[in-house]
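Have a look at the structure below, then the notes.
The values are calculated or read from the model by the stated rules, or taken from the named source; none is laboratory data. Predicted, not measured: the structure shown is a model, and the values here were computed from it. Neighbour counts run over all protein chains shown; Cβ positions are idealised from the backbone, glycine included.
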């Protein structure tokens, strides 16, 4: 089932946005793996990607308002776009907070959660690519759901450890907020997957 044909502009814009998400998540992961010095440069790079993503989302909404017949329900296009925007915004905000809060060293749990974020970005890219190729979209959506569950488990455990082991109250506040942003970003990836699954069901 081809939900969005090759020539459909909405498809290309979705894929462009997902490509930006994948790149931003890779830059973020590189930053947290290499520490505070690299994070500063990574945050700037991600900010540029987020700005480009805003332009893509603006173009999607502009086309949505100007298109009488869309390849899928306009509401689904809007929901997918909004969730994709939330993902990229979340990655940008995570990078900003890690730098602004001078979190060094960066805890291993944050690195792990950023690895999951990057995996979600890769799964989203595969899911949207599958739209064009008549592939197994659901398989990638299921993988994103699995990753989100894993992130929830790690995030909850990390917060428990934070309150049990960390003695600096300011660091507790900073890290707890970062954990919340990571989880919210991964939740947004799951929101995209949920909308894609609904689209598949409606068009099957």
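Taking the listed residues 190, 150, 132, the one that is modelled with pLDDT of 95 or more and in contact with a helix residue (DSSP H, G or I) (Cβ under 8 Å, 6 or more places away or on another chain) is 150, with no other qualifying.
For beta carbons closer than 7 Å, sequence separation of 6+ or different chains, a first residue in segment 77-97 that is at pLDDT below 95 and a second that is outside any helix (DSSP H, G or I), the qualifying pairs are 77/70. Checking 199, 182 one by one, the residue that is closer than 27 Å to residue 71 by Cα, surrounded by 15 or more Cβ atoms within 10 Å (Cβ to Cβ) and in contact (Cβ under 8 Å) with a residue 60 or more places away in the chain is 199 and no other.
Of all residue pairs spaced 6 or more apart or on separate chains, those with beta-carbon atoms under 8 Å, a first member in segment 20-40 that is without any contact (Cβ under 8 Å) to a residue 12 or more places away in the chain and a second member that is crowded, with 24+ Cβ neighbours inside 10 Å and assigned to a helix (DSSP H, G or I) are 38/31.
Do we have any residue at all in segment 57-64 that's closer than 29 Å to residue 168 by Cα and surrounded by 17 or more Cβ atoms within 10 Å (Cβ to Cβ)? Looking for residues that are closer than 29 Å to residue 168 by Cα and surrounded by 17 or more Cβ atoms within 10 Å (Cβ to Cβ), one finds none in segment 57-64, hence no.
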